[in-house]
Amino acid sequence: MDPILGDCSLARLRARTSYKWRTYPPDVLPAFVAEMDFDPAEPIKDAVRAVLAAGDLGYPHKGSLGDSFAEFAADRLGGWSPDPDLVFAIPDVMTGISEVIRAITPPDGGVVINPPVYPPFFVSLELAGRRIVEAPLSLADDGSYDLDTEALDRVLAAPGVGAYLLCNPHNPVGRVWSRDQLTTIADLCDRRGVPVLVDEIHAPLVLPGSAHVPFHTLDHPAVRRAIVFSSASKGWNIPGLKCGIAIAGDTAGAAILTQRAEALLAAHVGVHASVAAFRHARPWLDAVVAQIDANTRLLTGLLAEHLPGVRYRRPQASFLAWLDCRELDLGDDPAAEFRARGRVALSSGPEFGRPGLGFARLNIGTSPELITEAVRRMAAAVAR
Ligand SMILES: Cc1ncc(COP(=O)(O)O)c(C=O)c1O
């Protein structure tokens, strides 16, 4: 591994007290929640230290968050140049999505999502009292997922549907949607009068060979109503610093976010850390992307050797491996079996919706050694 990422030694990782490292007993190897194991980027540590040294621990001001994100987007996210005035600091992506959903849909309004998908999408919509309307991704025989635009159009036309929550890159299947697909989505939503919210949090982690298309770079009328969510929290592994980003498509979207400013307070230290990430920690991000890319190849080989019954397609983005374990006969929730019998904790497929039955999600944002150990434990679980 690039020394910039540290060594992911288990002794040091077990000293961490975050959710990943404290949820299960020490004999369980955690590979579930989307936290990576790498050492933080130095520019981010410097930014946090500077905030502390200055006693700068008050309420957040977005400062140069908008400009730094726009610079990063122009350079790394498909030449996108968001207007910094339309970029807002939020505490985290799900709080931002939840507030905007409450603002733009009536109680009991329908919100479309594409399972299998990030479990908090279900939870937030339920807590907001909105109806979940599913347009599942299609799954081909070769294990590849795609958007089912016919199913999408059908549900967008259903009565009372007030928003579409799109995940791009998609967690957990790792797809990045093409410009053509996004244009089709924009057409369908425009025709049905449904605004699009796009969660682009994994975009900084697109892997070599694929390109992220920011929704706001489409030349389409639907873009103005679309609110996009991003963050440095996944790409640079700083979810504990509580700062995400919402990007409005026009002043009406900006007004929705401005009105809810009190409900959307980021951590000021997170704002500074994010600016440092976007401006000064791109070499760290490059090292992470290269490592994840290598890890996807490693995992392909390890599964072929030790768990040939598991199907895995290398993703186009991010560090989450979506594993089809249905051939292993471990039931609907293979992660429960891997945990109980193999002492390795993956995310449970069923939490991602009905299409997740028989699947599990493995976090490969770590060292080759720990991935090898995770697969060894999974294989041991199956052997028993
Ligand atoms: C698709 C997606 N959205 C949102 C989040 C939440 O991110 P955060 O709480 O750091 O804003 C995650 C975290 O894994 C995610 O995968």
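The values are calculated or read from the model by the stated rules, or taken from the named source; none is laboratory data. Given the structure is predicted, the values throughout are model-derived calculations rather than measurements. Neighbour counts run over all protein chains shown; Cβ positions are idealised from the backbone, glycine included. Quick note on the areas: whole protein, heavy atoms, side chains included, nothing else; ligands and nucleic acids left out. Shrake-Rupley method; radii C 1.70, N 1.55, O 1.52, S 1.80 Å.
For this structure, a couple of remarks:
- Criterion violated by I4 - all others in (1) over 30 Å from R179 (Cβ atoms); (2) among the aliphatic types (A, V, I, L, M); (3) away from the ligand (no atom under 16 Å from the Cβ); (4) surrounded by fewer than 16 Cβ atoms within 10 Å (Cβ to Cβ) satisfied: (4)
- Among residues of segment 115-170, those that are open to solvent by 10 Å² or more (accessible area, probe 1.4 Å) and in contact with a Leu (Cβ under 6 Å, 6 or more places away or on another chain), counted: 3
- Scan of segment 207-259 for residues that are within 15 Å of the ligand (Cβ to nearest atom) and charged (D, E, K, R), ordered by number: K234, K242
- Number of positions in segment 177-186 that are aliphatic (A, V, I, L, M) and surrounded by fewer than 22 Cβ atoms within 10 Å (Cβ to Cβ): 1
- D7 being of a type in the set (D, E, K, R), part of a loop (DSSP other than H, G, I, E, B) and closer than 17 Å to R377 by Cβ: no
- Residues in segment 159-185 that are without any contact (Cβ under 8 Å) to a residue 40 or more places away in the chain, of a type outside the set (F, W, Y) and either in contact with a Pro (Cβ under 8 Å, 6 or more places away or on another chain) or within 25 Å of W322 (Cα to Cα) (or both): S178, R179, D180, Q181, L182, I185.
- Helices (runs of 4 or more DSSP H) (entirely within segment 217-313) containing at least 3 residues that are modelled with pLDDT of 95 or more and surrounded by fewer than 20 Cβ atoms within 10 Å (Cβ to Cβ): 251-259, 282-306
- Restricting V87, V111, V93 to those that are under 23 Å from the mean Cα position of the chain (by Cα), on the phi < 0 side of the Ramachandran plot and free of Cβ contacts under 8 Å to residues at least 60 places away in the same chain reduces the list to V111.
- In segment 30-60, residue nearest to the ligand (Cβ to nearest atom) [restricted to those that are surrounded by fewer than 21 Cβ atoms within 10 Å (Cβ to Cβ) and within 23 Å of D2 (Cβ to Cβ)]: P40
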